[in-house]
Amino acid sequence: MNTFDLIVVGAGIVGAACADLAAAEGLRVAIVEPGPVGGGATAASMGHLVVMDDDPAELALSRHSQQMWEAYAQLPEAEFSRCGTLWVARDEREYAGIAAKIARLAQAGVVAEAVDAKALYELEPELARGLAGGMLVAAEAVVYPPRVAEFLVKRATTRNTQLHLGRRVHALSGDGVVLDGGTRLSGPVLVATGCALPELLPMLPLRARKGHLVITDRYPAFVRHQLLELGYADSAHGNAPTSVAFNVQPRPTGQVLIGSSREFDSSSEVSMTIVRRMLERAFAFLPRLCDLQALRIWTGLRPTTPDGRPYLGAVPGLRDVWVAAGHEGLGITTALASAHLVIDQLLGRRSAIDPAPYLPSRVRA
Ligand SMILES: Cc1cc2nc3c(=O)[nH]c(=O)nc-3n(C[C@H](O)[C@H](O)[C@H](O)COP(=O)(O)OP(=O)(O)OC[C@H]3O[C@@H](n4cnc5c(N)ncnc54)[C@H](O)[C@@H]3O)c2cc1C
C-alpha cells in the first residue's frame, strides 16, 4: 500500500511533530527520512525553549508552542529541565529596555521579572562584575531535541504511520513523491526538510545560517540558568554576515553548553576564528568559564527565511503540497505549534493563533 493521507518529508523536530499530530488525527501517514531521525539541525541545537518577543508573529508562535511543551515536562525522553532564562543587561541602557520587554511578554501571558545587579549576582555568582541587572523568565526550560524527535516518530508509528528510514525523497511527482531508487508514494506531501528545502521547493527562498557550539566537561551548578545577553536578538534577527552573542546553558548532566554564532554559510566545518570570537564573548560575561575543560565543538545549520519567520502552509502553485520549514534558531521551541498550524490548515480547521504571518504565499506578495 503506497497511498497515504499525508507524506511527511524529513524527520527533524518539525517533521516529527507534524507526523505525530497527523497520525493522532487518524490520518494514514508516511515519513521519509534519510536518517537518523532528528539528526539534522535538531541534533545540533541547544534545545532552549524560549519565548522571543521582538516580532509579534514570533512571540505568538513561540508562546503558543512553549505552552504545548508543558505536556512533555514529565517525559523522560525529553530530558526537560526547567532552568529558567536569565537575560543579562550590560549597562543601564539595556536595563532600561527591560520594562518594555516585560510588558510585551506579559501581554502574551509570560511571567518575567526585572532583577537588579544585586539579585543578578545572587542568581549567578560567576557573572562578571559591573553588569547592570537582568530579566528572569523562571518557567522556561531546555530539552534534548533529537530524543524528542525520536519519541514523536515512534509514537506516530504506533498509529498508522509507515516510516521510510534511510530513504530520501528524490522529487515531487505531482501526486506524491519519488524516493531514491524509484519507489513512488502517493498522497498529499508535507515538506519539512529544514535547510534542504530549496532542493524540493526552490521557489521558497531559504539560506543556511551556521552556528557553532562548544560543550564542556561536567561542572555542576557552575551556572544555573540559561544565560543570554539582551543583545542576543540583534544577532538572531540582524542580517550581519557574521555575529556572536553570549548564550550559555547548564545541561542537566552538569556540562556547560556555550553558544552562539551566526554566519551565512552552508558548510559544516568548524571555524576556529568564529569559535574564538564566540568564546571571548562568553568569557567577558563569565570570566571563569575559560578555566573549564571543553570536550567537543560542533556546528549546525539554521534554516533561515528572508523575514525570519517559518513557512507554514500550502505551497503556492502546487496542488496538495504543504511546507513546514525555515524556523531559524527557534525551531525546537516552535515545532509543536508549527505542526498544529499546518495540520489545522490541511484539515480545514481554525487555528488557535493567526496563521497569516507564516503562510508561504507571502513570498509572492
Ligand atoms: C547551533 C544551533 C543552536 C540552536 N539552538 C536552538 C535552541 O536553543 N532553541 C530552539 O528553539 N531552536 C534552536 N535551534 C534551531 C533548531 O535547531 C531548528 O530550527 C530546528 O531543528 C529545525 O528543525 P527541522 O525539523 O526543520 O530541520 P532538521 O532538524 O534539519 O530536519 C530536517 C530533516 O529533513 C531531512 N531531509 C532533508 N532532505 C530530505 C529529503 N530530500 N528527503 C527526506 N528527508 C530529507 C534531513 O535528513 C533532516 O533530518 C538551533 C539551531 C542551531 C544550528
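The values are calculated or read from the model by the stated rules, or taken from the named source; none is laboratory data. Please read all numbers here as calculations on a predicted model, not as lab measurements. Cβ coordinates were reconstructed from backbone atoms using ideal geometry, including for glycine residues, and neighbour counts include every protein chain displayed.
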- Message: If ALA156 meets every condition in (1) surrounded by fewer than 16 Cβ atoms within 10 Å (Cβ to Cβ); (2) among the small types (Gly, Ala, Ser); (3) not assigned by TED's automatic domain parsing to the domain that holds PHE283 apart from one, which number is that one?
- Response: (1)
- Test HIS225 against the stated conditions and say whether it is within 15 Å of the ligand (Cβ to nearest atom) and either at pLDDT 95 or above or touching a Lys or Arg at 6+ places or on another chain (Cβ under 7 Å) (or both). yes
- Mind checking which residues of region 1-36 are touching a Lys or Arg at 6+ places or on another chain (Cβ under 6 Å) and within 14 Å of the ligand (Cβ to nearest atom)? ASP20, VAL32, PRO34
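Results for (1) among the hydroxyl-bearing types (Ser, Thr, Tyr); (2) within 16 Å of the ligand (Cβ to nearest atom); (3) on the phi < 0 side of the Ramachandran plot, shown as yes or no for each residue.
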residue: THR85; (1), (2), (3): yes, yes, yes
residue: VAL88; (1), (2), (3): no, no, yes
residue: GLU94; (1), (2), (3): no, no, yes
residue: ALA99; (1), (2), (3): no, no, yes
residue: ARG104; (1), (2), (3): no, no, yes
residue: ALA112; (1), (2), (3): no, no, yes
residue: ASP116; (1), (2), (3): no, no, yes
residue: GLU140; (1), (2), (3): no, yes, yes
- Task: Select, from ASP354, ASP320, ASP291, ASP344, the only residue that is modelled with pLDDT of 95 or more and in contact with an Asp or Glu (Cβ under 8 Å, 6 or more places away or on another chain).
- Result: ASP320
- Enumerated helices (runs of 4 or more DSSP H) restricted to region 31-139, each holding at least 1 residues that are surrounded by fewer than 16 Cβ atoms within 10 Å (Cβ to Cβ) and of a type in the set (Asp, Glu): 92-96, 117-123
- Task: Only residues in region 188-201 that are crowded, with 21+ Cβ neighbours inside 10 Å count as the first member; pair them with residues that are modelled with pLDDT under 95, Cβ under 8 angstrom, at least 6 apart or cross-chain, and list the lot.
- Result: CYS195/SER266
- ARG276 passes all but one of the listed conditions (1) within 26 Å of VAL143 (Cα to Cα); (2) in the same structural domain as TYR121 (by TED's automatic domain parsing); the exception is number (1)
- Message: Every residue in region 170-222 that is over 30 Å from MET135 (Cβ atoms), more than 15 Å from the ligand (Cβ to nearest atom) and acidic (Asp, Glu), please.
- Response: ASP175
- Quick one: ILE332 ticks every box in (1) within 30 Å of ARG147 (Cβ to Cβ); (2) surrounded by fewer than 24 Cβ atoms within 10 Å (Cβ to Cβ) except a single one, so which number is it? (2)
- By my count, strands (runs of 3 or more DSSP E) wholly in region 174-223 with at least 1 residues that are within 25 Å of the chain's Cα centre (by Cα) and among the polar types (S, T, N, Q) are 207-218
- Task: Count, please, the residues in region 1-18 that happen to be surrounded by fewer than 24 Cβ atoms within 10 Å (Cβ to Cβ) and not charged (D, E, K, R).
- Result: 4
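Name the one entry in ALA78, ALA43, ALA73, ALA57 that is at pLDDT 95 or above and within 11 Å of the ligand (Cβ to nearest atom). Don't jump to the end; show me each part of the working.
Details: ALA78 fails: within 11 Å of the ligand (Cβ to nearest atom); ALA73 fails: within 11 Å of the ligand (Cβ to nearest atom); ALA57 fails: within 11 Å of the ligand (Cβ to nearest atom).
After applying the criteria, what remains is ALA43.
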